[in-house]
Structures are given as C-alpha cells and as structure tokens.
1. If the requirement is being in the same structural domain as residue 74 (by TED's automatic domain parsing) and assigned to a loop (DSSP other than H, G, I, E, B), which of these qualifies: 178, 136, 223, 197?
2. Suppose we keep only residues that are outside any loop (DSSP other than H, G, I, E, B), within 29 Å of the chain's Cα centre (by Cα) and modelled with pLDDT of 90 or more within region 86-124. Which one would you say is farthest from residue 162 (Cα to Cα)?
3. Within region 366-386, take every residue that is under 27 Å from residue 283 (Cβ atoms) and either assigned by TED's automatic domain parsing to the domain that holds residue 293 or out of contact with any helix residue (DSSP H, G or I) (no Cβ under 7 Å at 6 or more places or on another chain) (or both) and give me the one that is surrounded by the fewest Cβ atoms within 10 Å (Cβ to Cβ).
4. Mind listing whichever residues of region 321-333 are without any contact (Cβ under 8 Å) to a residue 40 or more places away in the chain and outside any loop (DSSP other than H, G, I, E, B)?
5. Can you tell which of 451, 389 is over 17 Å from residue 365 (Cβ atoms) and modelled with pLDDT of 90 or more?
6. Scan (1) outside any helix (DSSP H, G or I); (2) touching a strand residue (DSSP E or B) at 6+ places or on another chain (Cβ under 7 Å); (3) closer than 30 Å to residue 457 by Cβ for the single condition residue 344 breaks and write down its number.
7. Do the conditions hold for residue 148, that is, is it in a strand (DSSP E or B), over 28 Å from residue 351 (Cβ atoms), in contact with a strand residue (DSSP E or B) (Cβ under 7 Å, 6 or more places away or on another chain) and modelled with pLDDT of 95 or more?
8. If you check residue 57 against the conditions, is it assigned to a strand (DSSP E or B) and surrounded by fewer than 16 Cβ atoms within 10 Å (Cβ to Cβ)?
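The values are calculated or read from the model by the stated rules, or taken from the named source; none is laboratory data. This is a predicted model, so every value here is computed, not measured. Cβ placement follows ideal geometry from the backbone for every residue including glycine, while neighbour counts extend to all protein chains displayed.
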C-alpha cells in the first residue's frame, strides 16, 4: 500500500472510531435521559392505596356499590345498597332518590329489582321530574331502612357531568343518591347543567369497580384495595361526606397512550388520569402547587384523596365533584394551576360546605374564586396579585351587566357559563376581597373556615357566612353583602 493509501486508511479508521464514540455518547445521553424520565415517572406512576379503611361512623347514610365496566366504556352495571336512617323527625311512607345527571337522558340510568328491608318493591317516579324516584317504605322517625337495587348505566356521548368520548369516560353524579330532606320536605330541584347536581343528602360510600385491565380508573374517593386476575382489575374505593360517587375511566392505548400517575402531597393522595404521561405529570404538578398554595393561606384540602382527570367536560374552567375535578388539560402552566386551584377550592365551597347552587350559586363560585386569588398572592407576591386584580377582577365590577343579572342572582338568570364566570367568579371575587382588604387575610380566612365548619352537616347559607364574618372580624357585613349582591 502506498504512503498516501496508508494515511487515508488511518484517517478513515480514526473517523470510524470517532463516529462510534459519538454514537456511544449519544446512546448514553439518550439512556440517561430515559432513565431520568423514568425515575421522575416512577415517583408518580406506582399505584398507591390509602391505608384508611376504618368502619363508617354511622353519623351519615351509607351507600355500597358493586359495579362492572364493559371493555368499550359504554356501560357500567351493578348493584347499589343504601342504609338510610330517617332523620326527618317524622314518620315517612317513602324515601326519595335523586338521579343526576342521567335523568336528562332518557333511560341512560335504569334501576330495577328493588328490595326494601329484604322485601321486593317497585319504584315510583315523580310525574313531572324524571330525576326523582321514590321507594315505598314504612319508615318511622329514627328508624334505619335498607334499599337494594340493580342499576344499568349507559354513559351518553355528550359533554359535561357524565360523558363518554373516544377512549375516555367521566362519571360525576352518575349514580343514584339519597335526596336531601330540608325544611320539612324532600329537596326536588329540577336538574340544571350550570347548577349541577343538588338536592342530595351527604353520605359515606364504598364502591368496588371491576374493570378490564385495559382500562385505567381513577376515583373521587380513596382507593383502599386493588386485585388483578383473569385480565380484570377490581378496585375498592371509599369516600366520606360525599354528594356523589365520581370516577373517570380511560382505555390504555399503546406504550405512549393513556396514563395514570399518583403522588402524595401533604398527606393527600393525588391521582391524575390523562391521555398521556406528560399531561398526567402536568396535572399532578398543578395539583401539588394548588394544594400547597391553598395550605399557605390557611385553607388546606380537607379530604384524604383527590383525583384530577383530563376530560372534555363542556365547561371552560372544568368541573368539580366529590373528591374529583376534571379539566381539559390543554391550558398553559399558569392557567392550569389557576383552574386546578379554583376547582380544588370548590371542593371546600360547594362540597364540604354544600351551598344551594340553584338559588345561591355565588356561595360556591365566588368564594372559590376569592380563595384562588389569595392562593395566587401567596405564590406570586403582592405586586403580581395587584396587577392581576386590576387587569382581570376590578374591571369586571365596572362592566355593564344585563339587567337583573347580579352576583346574588339565581342560576336560572344566567345565559351560560361565560356570564356566570364574569359575574360570579370575577365580580363576586371582587366583592369578597373588598372585605379581605378591609379586615386582612387572617381574619377573612378565619371567617371562611368557621363558615365551612358550621356547614358540615347542613346546607350552607348567606346567613351562615354573615355570622362567620361577624364573629371573625367583629363587624357586621350584612349591609355590604346586600348592596353588592343586588347591584
């Protein structure tokens, strides 16, 4: 070989070795990246169970559900058993159940094979409202009755509270619940999508959900058991003081498809269910930030488990059920944190303190928005809070509003979610934060805490909020609220 040929051969050899080294370095970098991503994912991906499986206290009614999910997420069938105590103070001849929100879709929820205290019986339907069913029951004051029945739920392909999309299903308020007894009668409000399920009595529940292992499941209650066999997974879930039994389902679709991730945040087991692992992590991160910022202002989450589901709810700012919130997951990081924070606050002002979302929706929406703004201030500081307040909130109080649509208006007066958001979430927040500016955050939050604590066993009210404000601040805010709610 000539000298020139030997030199070329050496250069080629060095080039080949360099290329191999470069490939090896790239491969190592990719492996390191995947390892880092896996390590990050591993922190959140392992299925965790709550260790809270204590017997229910008996202070509330109890609901037991055994459910089975079909492979295509189209139907859920099973049995419900309710142990109900007559706390009305009167002898009753029947007990009322609410069917939200499936009553708006004919036959999407069918109940059958009713037994009352072990004896076969038949349901009676409220003539003018198909969301109400009665079970005949000779029910003396203070007596406990047991109702059992079969249910078949066909999840409709529509938006909002109970819906089935491509590879996903969201069920909030999907199953029958005991009606609320209030002021000497069953609360039988008509269903309204903006108000959501209402007129439901608080209850504790345990649910077992049998689903194919090709389905990922997340719940509003605390998961306390999981068994896998024969290609199916059986979850056991418990919830206390709930107003519904919410759950979300997604089909696993390949290696990079639907994902379920979990993380413990300040003692709360947070579960995120999303279309992919990246979105699940974003939801977990947003929930962690939201929980920590609410805790920082003295309004910690009062549940043991929280589910954040990615779902098309039909509501721009998402949807809140008992222990479960749902958002579309497409918002940028800061907007997502704000939306998740507001929805978690709705768990307190709307579930823990169950307000009348038909007649006084501001008690849930305005209080939740004011809490979100205070949490934002805790995260971002006073200057950022002032800028946002002037740009988004203060301006809403100056806009001309349709006649009669005020912060104190009933749900029926609003034309849609956008108008409710502007009036209740923005103008309503400005109204409440006017009090906070006058008395300070500590006294204002103390009033909200008193209000929630006193509303744990009965629906919340404006009178209850006024009493809490008076006790916490030493001033009477009734006149201020009257002016702001009716202006």
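1. Exactly one residue qualifies, and that residue is 197.
2. 95
3. Looking at residues that are under 27 Å from residue 283 (Cβ atoms) and either assigned by TED's automatic domain parsing to the domain that holds residue 293 or out of contact with any helix residue (DSSP H, G or I) (no Cβ under 7 Å at 6 or more places or on another chain) (or both), I get 381.
4. 325
5. After applying the criteria, what remains is 389.
6. All conditions are met except number (1).
7. Values: in a strand (DSSP E or B): yes; over 28 Å from residue 351 (Cβ atoms): no; in contact with a strand residue (DSSP E or B) (Cβ under 7 Å, 6 or more places away or on another chain): yes; modelled with pLDDT of 95 or more: yes.
In short, no.
8. Details: assigned to a strand (DSSP E or B): no; surrounded by fewer than 16 Cβ atoms within 10 Å (Cβ to Cβ): yes.
So residue 57 does not fit the description; no.
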